[in-house]
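Down below is the structure, laid out as structure tokens.
The values are calculated or read from the model by the stated rules, or taken from the named source; none is laboratory data. This is a predicted model, so every value here is computed, not measured. In this analysis, Cβ positions are derived from the backbone assuming ideal geometry, glycine residues included, and neighbour counts consider all displayed protein chains. Heavy atoms of the whole protein, side chains included, go into the accessibility calculation; ligands, DNA and RNA do not. Shrake-Rupley method; radii C 1.70, N 1.55, O 1.52, S 1.80 Å.
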Amino acid sequence: MQIEDKEFELYIPSAEIQKTISSVAERIKNDYQDKDVIFVGVLNGAFMFVSDLLKQIDFKCEVSFIKVASYEGTSSTGKVHELIGLVNDIKDKHVIILEDIVDTGLTLDKIYSMIDHDKPSSLEVASLLYKPNAFNGKHPPKYVGFEIPNDFIVGYGLDYMEYGRNTVDIYKLK
Ligand code: 5GP
């Protein structure tokens with residue numbers, strides 16, 4: 001698949017993504033069944049993960065989104081800007097942040113402290129993809145779909161130069 005100047009190859013097919021999301025959903029259901037839960041998706045990248053995961057969560061819960069920006073091109077800038085903040089009241093609620101990918105973890109650290117500031121009962125992170133070798137943050141995700149090497153990934157919500165989010169499979173840079 002060609003996006004702008006870069007070529008990408010198939011990496012994780014849709015069926016495998018859906019199977020992994022089912023097992024993440026099962027773990028979350030076991031851990032949070034009787035709790036007052038709010039899922040907080042991180043835009044833009046997590047929109048597909050949030051959608052597919054939440055279809056498998058059958059207990060009463062809230063869903064909301066926040067938006068931050070940190071990436072330019074194919075490498076992390078380290079700078080994180082808040083673009084849309086969380087409007088829900090999360091005091092005494094169990095918050096699960098839903099990320100598409102955790103790379104260095106710097107974005108997550110910023111989001112984590114923004115949310116933690118409002119005193120939730122608990123705060124955990126579920127990420128579809130996780131790059132443990134790049135991670136340098138304070139809050140590793142508790143629920144992980146796929147641990148991957150330090151490749152650059154697109155598809156299933158993730159972009160290159162804002163393109164490529166609208167695929168059912170995940171691709172990596174060739
Ligand atoms: P971090 O702060 O953990 O280094 O980066 C987190 C954000 O950078 C993610 O939410 C995602 O938007 C972006 N990112 C990190 N790795 C990749 C990647 O392999 N592909 C794409 N498309 N975005 C990535």
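Looking only at residues that are charged (D, E, K, R) and surrounded by 15 or more Cβ atoms within 10 Å (Cβ to Cβ) in region 125-150, which one is farthest from the ligand (Cβ to nearest atom)?
Residues of region 125-150 that are charged (D, E, K, R), as a first pass: 131, 138, 142, 147.
Narrowing further to those that are surrounded by 15 or more Cβ atoms within 10 Å (Cβ to Cβ): 131, 142.
Details: 131: 7, 142: 16 Å.
The extreme case among them is 142.
Select from region 23-71 the residues that are more than 13 Å from residue 127 (Cα to Cα) and assigned to a loop (DSSP other than H, G, I, E, B) and list them in ascending order.
Result: 33, 34, 35, 36, 44, 55, 56, 57, 58, 59, 60.
Mind checking whether some residue in region 104-124 is part of a loop (DSSP other than H, G, I, E, B), away from the ligand (no atom under 11 Å from the Cβ) and on the phi > 0 side of the Ramachandran plot?
Keep residues of region 104-124 that are part of a loop (DSSP other than H, G, I, E, B), which gives 104-105, 117-121.
This time we only want the ones that are away from the ligand (no atom under 11 Å from the Cβ), so: 117-121.
The next check asks that each one be on the phi > 0 side of the Ramachandran plot; those that pass are 119.
Yes; the residues of region 104-124 include at least one that is part of a loop (DSSP other than H, G, I, E, B), away from the ligand (no atom under 11 Å from the Cβ) and on the phi > 0 side of the Ramachandran plot.
Residue by residue through region 111-121, note down the ones that are more than 13 Å from residue 140 (Cα to Cα) and open to solvent by 30 Å² or more (accessible area, probe 1.4 Å). Outline the logic, then answer.
Filtering region 111-121 down to residues more than 13 Å from residue 140 (Cα to Cα) leaves 113-121.
Across region 111-121, the qualifying residues are 113, 114, 116, 117, 118, 119, 121.
Could you please find all residues in region 60-76 being in contact with a Phe, Trp or Tyr (Cβ under 9 Å, 6 or more places away or on another chain), at pLDDT 90 or above and open to solvent by 40 Å² or more (accessible area, probe 1.4 Å)?
Residues of region 60-76 in contact with a Phe, Trp or Tyr (Cβ under 9 Å, 6 or more places away or on another chain): 61-65, 73-75.
Narrowing the set further to residues that are at pLDDT 90 or above leaves 61-65.
Once the filter is applied, which keeps residues that are in contact with a Phe, Trp or Tyr (Cβ under 9 Å, 6 or more places away or on another chain), at pLDDT 90 or above and open to solvent by 40 Å² or more (accessible area, probe 1.4 Å), region 60-76 yields 61, 62, 63, 65.
Can you name the condition, by its number, that residue 79 falls short on among (1) assigned to a strand (DSSP E or B); (2) at pLDDT 95 or above; (3) more than 9 Å from the ligand (Cβ to nearest atom)?
Answer for residue 79: the failing condition is (2).
Tell me which of these residue 99 doesn't satisfy, since it passes every other one: (1) open to solvent by less than 40 Å² (accessible area, probe 1.4 Å); (2) of a type in the set (D, E, K, R); (3) within 25 Å of residue 135 (Cα to Cα); (4) not in a strand (DSSP E or B).
(4)
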